[in-house]
Amino acid sequence: MKKQFSFEYDLFISINDLTSEQRSLMLEAEKAMKNAYAPYSKFKVGAALLLDNGKYVYGSNQENKAYPSGLCAERVALFSVGAQLPDRKVTKIAIVGEGALLGNNDILTPCGSCRQVMSEFVEKQDEKFEILMRNHDGSVLVFDSIDKLLPFTFGS
Ligand code: THU
């Protein structure tokens with residue numbers, strides 16, 4: 001029996017087409033990107049989380065000479081919520097990246113490990129959160145939940 005899985009997402013041409021809350025979060029992710037430590041890949045990533053109390057939490061990729069020891073921006077941000085504010089809920093995440101790894105027509109989406117971590121965050125807080133990603137050309141993809149980016153999640 002063949003089955004099909006399809007989903008909807010939003011594509012905005014620029015951050016000017018976002019709501020003011022979404023736009024502000026994108027700008028926070030850009031600020032976060034400045035703290036990226038990416039001397040090896042030269043690809044800087046910034047992530048900003050909006051919590052249910054209106055506060056922001058930041059992450060940026062942190063690399064290491066021992067390559068697998070580094071961590072992506074998204075997980076740096078999410079794990080700091082887990083470690084410091086475990087009772088707060090994440091309502092949105094915005095992700096931006098800059099560097100030659102991202103070609104003109106490429107989209108910036110979280111890696112598989114970050115998707116897995118996002119998925120368990122949703123399970124843990126029992127509430128989904130929106131994912132906003134800025135592409136190389138300035139357009140923005142918005143997914144209402146990680147289940148679109150990681151369907152058939154391990155453990156669900
Ligand atoms: N990276 C992130 O921080 N987030 C992603 O979603 C994709 C990749 C980082 C990992 C590494 O430091 C650099 O970008 C190049 O892969």
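What dipole magnitude, in Debye to the nearest 20, does the chain give about its Cα centre under +1 on Lys/Arg Cβ and -1 on Asp/Glu Cβ?
Numbers: 18 positive and 20 negative charges, 87 e Å.
My answer is approximately 420 debye.
Determine, at each q value in 0.09 (inverse angstroms), the log₁₀ of I(q)/I(0) that the Debye formula gives when each Cα of the chain is one equal point scatterer.
Log10 of I(q)/I(0), two decimals: -0.27.
Anything over 19 Å Cα to Cα? Flag those among 3/148; 3/92; 55/89; 89/124; 42/65; 3/124, in the order listed.
Numbers: 3/148 16 Å; 3/92 31 Å; 55/89 11 Å; 89/124 9 Å; 42/65 13 Å; 3/124 29 Å.
Those over the limit are 3/92; 3/124.
Would you work out which of 22, 48, 142 lies farthest towards the positive end of the dipole of the chain, given +1 charges on the beta-carbon of Lys and Arg and -1 on that of Asp and Glu, about the Cα centre?
48
Restricting to Cα pairs below 8 Å that are 6+ residues apart, what does the relative contact order work out to for the range 10-148? Please round to a whole percent. Each step should come with its number before you reach the end.
Numbers: 284 pairs, mean separation 34.9, N = 139.
Result for the range 10-148 is 25 percent.
Rounded to the nearest 500 deg cm²/dmol, what is the calculated helix-only ellipticity per residue at 222 nm for the chain, with -39500 (n - 2.57) per DSSP H run of length n ≥ 4? Let's see the in-between values first.
Details: 4 runs with 44 residues, N = 156.
One gets -8500 deg cm²/dmol as the mean residue ellipticity at 222 nm.
With no solvent and one equal point scatterer placed on each C-alpha of the range 45-133, evaluate the Debye formula and give log10 I(q)/I(0) for q = 0.16, 0.19, 0.20, 0.25 Å⁻¹, two decimals.
-0.62, -0.86, -0.94, -1.35
We did not get these values from a lab; they are worked out from the coordinates using the rules stated. Since the structure is predicted, the reported quantities are computational estimates derived from the model, not experimental observations. Backbone-built Cβ (ideal geometry, glycine too); neighbour counts: all protein chains shown.
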